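The values are calculated or read from the model by the stated rules, or taken from the named source; none is laboratory data. Values in this document were obtained by computation on a predicted structure and should not be read as measured data. Note that each Cβ is placed from the backbone with ideal geometry, even for glycine, and that neighbours are counted across all protein chains shown.
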Amino acid sequence: MTREITKQALEAAIVRNCSPMLAGLKPACLFTFPGVFLAQGEHVDKQGLARSNRTRLLEELKPCAKALAPSGISLRVLTWRSCGALVYVYRPAMLRRWIADPHAARPLREMGYTASDLERDLDRLAQRLGGEAAPRGEKADCPMTCKHAGGRCKKDFPHEIGYFLGYPYEDVAGFIRHKGERYLAFGQWKVYANVSSALETFARYKRCTADTTSAYRSGRDLGSLAVAAM
């Protein structure tokens with residue numbers, strides 16, 4: 001699937017995928033903006049298209065970033081893939097506090113992260129997503145051909161990514177320990193503890209997304225949908 005690369009399409013994707021983060025309920029979100037952003041293997045003939053799409057996406061992200069900056073929100077492309085661009089939208093101050101907690105910091109340091117230098121850690125996360133480090137603004141390229149199922153990228157994500165998305169510490173630890181199996185519930189993430197609390201959070205996120213999407217469709221601009229810096 002290839003989606004037209006426009007400011008409006010990116011805004012809609014941010015609202016659709018990141019409403020709880022815009023509302024200050026979580027520190028970060030990650031979504032795939034579909035399209036050809038990396039040409040490899042049998043698709044090397046698409047290199048020109050991939051380069052053009054990367055340039056266009058970065059340009060169209062600039063007004064989105066400008067609109068969200070007053071609320072303390074940043075955007076960056078973590079990885080380019082043949083099936084899409086992984087766009088990370090986050091609140092740096094809130095995220096720093098989240099991963100500095102010992103429940104996240106200890107395991108992250110064991111995996112080679114600093115848990116104190118956020119941009120450096122995001123560079124490492126980009127590498128772990130499957131690429132060589134690239135100049136900031138270009139970020140990482142995925143060196144492997146993505147497997148597809150129903151149009152969705154099936155390439156594995158590093159298990160620690162949950163810490164960078166604000167998932168409950170015990171659920172990220174459980175996911176890593178059990179390799180994604182033996183979970184108790186499944187929604188925005190796989191749940192390994194405090195099921196009732198997780199289900200309430202899933203419902204709250206769903207309501208938030210519905211309300212934010214409705215406001216956006218009614219004419220509210222992206223910047224006005226984001227709460228002030230946390």
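Where residues in the range 76-97 are over 25 Å from Lys46 (Cβ atoms) and surrounded by fewer than 22 Cβ atoms within 10 Å (Cβ to Cβ), which of them is nearest to the chain's Cα centre (by Cα)? First the steps, then the outcome.
Restricting attention to the range 76-97, the residues satisfying the condition of being over 25 Å from Lys46 (Cβ atoms) are 89-97.
Those left that are additionally surrounded by fewer than 22 Cβ atoms within 10 Å (Cβ to Cβ): 92-94, 96-97.
Numbers: Pro92: 13, Ala93: 16, Met94: 15, Arg96: 16, Arg97: 18 Å.
Out of the qualifying residues, it is Pro92.
Please count how many residues of the range 10-54 are at pLDDT 95 or above, out of contact with any strand residue (DSSP E or B) (no Cβ under 8 Å at 6 or more places or on another chain) and over 19 Å from Gly166 (Cβ atoms).
2
For (1) surrounded by 15 or more Cβ atoms within 10 Å (Cβ to Cβ); (2) at pLDDT 95 or above, each residue gets a yes or a no:
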position: Arg136; (1), (2): no, no
position: Cys153; (1), (2): yes, no
position: Leu165; (1), (2): yes, yes
position: Ile176; (1), (2): yes, yes
position: Ser197; (1), (2): no, yes
position: Ala203; (1), (2): no, yes
position: Cys208; (1), (2): yes, yes
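Note down all Cβ pairs under 7 Å where the first residue falls in the range 6-30 and is more than 17 Å from Arg97 (Cβ to Cβ), the second is among the small types (Gly, Ala, Ser) and not in a helix (DSSP H, G or I), and they're at least six residues apart or on different chains.
Close Cβ pairs (under 7 Å, with a partner that is among the small types (Gly, Ala, Ser) and not in a helix (DSSP H, G or I)) amount to Leu22/Ala226.
Report, by residue number, each residue of the range 63-85 that is touching a Phe, Trp or Tyr at 6+ places or on another chain (Cβ under 8 Å) and of a type in the set (A, V, I, L, M). Walk me through how you get there before you give the answer.
Taking the range 63-85 and keeping what is touching a Phe, Trp or Tyr at 6+ places or on another chain (Cβ under 8 Å), we get 73-78, 80-82, 84-85.
Of everything in the range 63-85, those that are touching a Phe, Trp or Tyr at 6+ places or on another chain (Cβ under 8 Å) and of a type in the set (A, V, I, L, M) turn out to be Ile73, Leu75, Val77, Leu78, Ala85.
From (1) of a type in the set (A, V, I, L, M); (2) more than 30 Å from Leu49 (Cα to Cα); (3) touching a Leu at 6+ places or on another chain (Cβ under 6 Å), pick out the condition that doesn't hold for Met111.
Of everything listed in (1) of a type in the set (A, V, I, L, M); (2) more than 30 Å from Leu49 (Cα to Cα); (3) touching a Leu at 6+ places or on another chain (Cβ under 6 Å), Met111 misses just condition (3).
Residues in the range 87-134 that are at pLDDT 95 or above and part of a strand (DSSP E or B): how many?
4
Could you say whether any residue in the range 50-64 is among the β-branched types (Val, Ile, Thr) and closer than 30 Å to Ser116 by Cα?
At the first step, the residues of the range 50-64 found to be among the β-branched types (Val, Ile, Thr) are 55.
Subset that is closer than 30 Å to Ser116 by Cα: none.
No, every residue in the range 50-64 fails to be among the β-branched types (Val, Ile, Thr) and closer than 30 Å to Ser116 by Cα.
Leu38 - would you say it is buried (at least 20 other Cβ atoms within 10 Å of the Cβ) and not in a helix (DSSP H, G or I)? Quick ask: steps written out before the conclusion?
On the way: buried (at least 20 other Cβ atoms within 10 Å of the Cβ): yes; not in a helix (DSSP H, G or I): yes.
Against the criterion (buried (at least 20 other Cβ atoms within 10 Å of the Cβ) and not in a helix (DSSP H, G or I)), Leu38 qualifies.
Which of the residues that make up the range 187-212 are under 15 Å from Gly174 (Cα atoms) and in contact (Cβ under 8 Å) with a residue 24 or more places away in the chain?
Within the range 187-212, Trp189, Ala193, Asn194, Ala198 meet the criteria.
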